[in-house]
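Asker: Dumping the structure here so I can ask a few things about it.
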Amino acid sequence: MGNETILAIDDNPQMLSILADLLQPLGYTVVCAANGPDALALATANPPDLVLLDVMMPGMDGFEVCRHMRAHPALAHVPVVLVTALDDRESRVEGFEAGADEFVTKPFDYVELRARVTTILRLNRYRTLVEQQRRTATERARFVWAVEHSDDGILLLDEADQVHYANPRARTILGLAPAVSLDHAFLPLATQQYRLTPPEAWDAWPQVPAHDDQPRFLVSPERASSVERWLRVDLLPPAENDPTRVLRLRDVTEQMITQREMWTFHTMLAHKLRTPLVGILGGLNILSGGGATMDRESIVRIAEVALAGARRLRSEIEDILHYLRSPSDVYGLDSIIVSEVSLLLDQVARDLDLKHVTIEAPLPESANHRIALTQHSLEVLLREVLENCVKFHPHRDPEIQIKLSLLEPKMLRLEIIDDGPGMSNEQRQRAWYPYYQGERNFTGQVEGMGLGLALVARIVHAVGGRCALANRTDSHGTIVTLTLPLAS
């Protein structure tokens, strides 16, 4: 991070203050403007390194400001990020046509916004360096030095995905010795050690994605001798008249694990505290409203219910305070064998008060293999999927079939089938994204923050598993398929 200048444009003074407070501690200079004309005047006088531009402004909106910037020679190549509450395809298309480089949707995640700003500025620096290195040998030498000493893996690819250059960091990441020839295509090289995650984001490789909605990752699952590893893959589009593409490999393992643990804590906190509170508050409300006219036996019975809830709440709080383990700890002390999964399913179904659950588990003797996942992590997966079956069922009373089967080599497949309304194509494609909710208007009819299936995907991918969503073909409803590896 350097001393780049960021121009923040928003008619809301509070939003400008938030953006300044978020970005200034990272070493950036933040200049603010409350409307389009003032912003263009500031940008023309001192071109910034990045523009954060609100779309919905009175008078000159963000799209028009962006078009004016792209028409100005000194501002034409300044990265523009549109910050907007609009999340429809038409608005995104209009923004890209106006010349925007990226979208951030309100309300935005502060960590994500910082990461995106840092990434865009870094990639813009790389692009600037590439352009400058063509002008003079001195500038070329500086560029080479920066790339050679970068903490990120940097590669140059041709149109056929062939690697023509890899800096030392990229060679280390991909397991290439310094003297090894680069006669390799990138994708086969990467898949020798890593899984492509999420798979659908890689379908169009090596095309550059239109926007950053679905980032690409290379994941090395956790093993006995190594922890899981996440690499984010960013591909810059080719420059004009030059088909060479710049690829960046950035280690985001710490960020991904921290985020997953935060989501796991949020999920466990919600379901552990809600149930005992219902019993406590329900009992106290009854005593408060009618205790004076109740007989002693009834009062004692209701008080015992409230007391039991309080004791359970205390126990749950103690569990939460000790909840410090990673949800993908393959070799944790509470690992579970395949034959115990049915018992765990029964327990979760009872906790959620599911009345119509059938479990098919025709497993052979090899079902004594351990799953490469701890029991509490598997419980999180099952609870999240089953809670979704209830949330989105029209009567909150789904009929659920759960099928367990063993696959080769050494995989356990769980199919969770409900009789709900099914899912649209968009819902199936985006359901694994964090904070995505099938109830798009956020009216509050569906509980939760939209972290459930994103958490499921993150845990499953971290141990080298797979997850999929499909609609039933025999009836209405949804099939969630989780494929988990067995421990070696």
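Asker: Where only protein heavy atoms count, and the probe is 1.4 Å, what is the accessible area per residue for segment 157-202 in Å²?
Answerer: Heavy-atom SASA per residue in segment 157-202 reads 50 Å².
Asker: While we're on this one: Tell me, in nm to one decimal, what length is gained between Asp203 and Met56 on full extension, where the rule is 0.36 nm per residue of separation less the Cα-Cα distance? Intermediate results must be reported in sequence, preceding the final value.
Answerer: Details: separation 147, 0.36 × 147 = 52.92 nm, distance 3.42 nm.
Once the chain is fully extended between Asp203 and Met56, it gains 49.5 nm.
Asker: Grab the Cα-Cα distance for Leu26 and Val278, subtract it from 0.36 nm times how many residues apart they are, and report the gain in nm with one decimal. Provide the component values of the computation, followed by the final result.
Answerer: Details: separation 252, 0.36 × 252 = 90.72 nm, distance 4.40 nm.
Contour length minus the Cα-Cα distance gives 86.3 nm.
Asker: Cα convex hull of segment 347-390: how many Å³ per residue?
Answerer: Hull volume normalised by residue count: 87 Å³.
Asker: Could you rank Thr293, Thr358, Thr119 by how accessible they are, 1.4 Å probe, largest area first?
Answerer: Result, largest first: Thr293, Thr358, Thr119.
Asker: Using a simple spin-label model with points 7 Å from Cα along the Cα→Cβ vector, what separation in nm is obtained for Arg350 and Lys403?
Answerer: Computed distance between label sites Arg350 and Lys403 equals 2.7 nm.
Asker: Label points 7 Å out from Cα along the Cβ direction at Glu297 and Arg413: separation in nm?
Answerer: With each label placed 7 Å out from Cα toward Cβ, I get 5.7 nm.
Asker: Put a dot 7 Å past each Cα toward the Cβ at Glu64 and Ala310; how far apart are the dots in nm?
Answerer: 6.3
Asker: Further question: Heavy atoms only, 1.4 Å probe, whole protein assembly: order His266, His476 by accessible area, highest first.
Answerer: Of His266, His476, the descending order of accessible area is His476, His266.
Asker: Please list, in order along segment 393-401, the HN-Hα scalar couplings obtained from phi with the Karplus expression 6.51 cos²θ - 1.76 cosθ + 1.60 (θ = phi - 60°), rounded to whole Hz, x for Gly and Pro.
Answerer: Once rounded to whole Hz, the list reads 7, x, 10, 6, 9, x, 9, 10, 10.
Asker: What length, rounded to one decimal in nm, is gained on full extension from Arg127 through to Ala185, with 0.36 nm per residue of separation minus their alpha-carbon distance?
Answerer: Full extension of this stretch gives 18.6 nm more.
The values are calculated or read from the model by the stated rules, or taken from the named source; none is laboratory data. What you are looking at is a predicted structure, and each value in this text was computed from that prediction instead of being measured. Ideal geometry is used to build each Cβ from the backbone, glycine not excepted, and the neighbour counts take in all protein chains shown. Heads up: the accessible areas ignore ligands, DNA and RNA and are worked out on the full protein's heavy atoms, side chains in. Shrake-Rupley method; radii C 1.70, N 1.55, O 1.52, S 1.80 Å.
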